[in-house]
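Every number in this text was worked out from the coordinates using simple rules, so none of it is lab data. These numbers come from a predicted model, not from an experiment.
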Amino acid sequence: MKPSPKKNTSPKKGPPQKTYHSTAKKKNVQEVTYKKEVIAMFMQWFRKNAPKKGAIMGKIDVVRNILVKLDMKQEEALEEAMQDLVDNGWIAKESDGVTLVLTQKGFEYIKKS
């Protein structure tokens with residue numbers, strides 16, 4: 001009697017599965033946190049210094065009150081945070097790309113918070 005061939009019981013090999021590490025998830029949460037902090041800094045400035053529709057935050061205000069206070073991670077999130085402010089309709093950017101104007105929607109936001 002001939003011995004029967006052994007069956008392969010190892011799992012089937014297919015394409016490699018994507019694995020997600022928890023560090024990637026933490027990084028995204030941290031990036032969002034830094035961006036939110038920067039957004040809060042802008043809105044806090046408007047709330048404190050010019051709480052009215054059409055208020056202007058000039059280049060010097062941005063430098064003195066935002067840029068010098070940012071840490072490295074917040075600096076990386078700055079451009080995206082500013083874009084979110086514009087996309088949310090809270091501020092409008094002037095043609096120079098630095099001067100910011102508080103919109104009606106932004107004014108309503110700072111009044112609520």
Relative to the present Cα-Cα distance, how much length would full extension add between Val29 and Glu75 at 0.36 nm per residue of separation? 14.9 nm
Amide hydrogen neighbours beyond the local backbone of Ile91, cut-off 5 Å, H modeled: Val86, Thr103
So if I take the alpha carbon set of the stretch 23-112, get Rg, then get Rh from the Kirkwood formula, what is the Rg over Rh ratio? 0.98
Rel. contact order, % - alpha carbon contacts under 8 angstrom, at least six apart, the stretch 23-112: 37 percent
Across the stretch 69-75, in residue order, what do the Karplus-derived ³J(HN,Hα) couplings come to in whole Hz, using 6.51 cos²θ - 1.76 cosθ + 1.60 with θ = phi - 60° and x for Gly and Pro? 9, 7, 8, 4, 5, 5, 4
Kindly flag which residue pairs out of Lys35/Lys105; Lys73/Lys105; Lys73/Lys112; Lys73/Lys111; Lys36/Lys111 have an alpha-carbon separation exceeding 25 Å in this structure. Lys73/Lys105; Lys73/Lys112; Lys73/Lys111
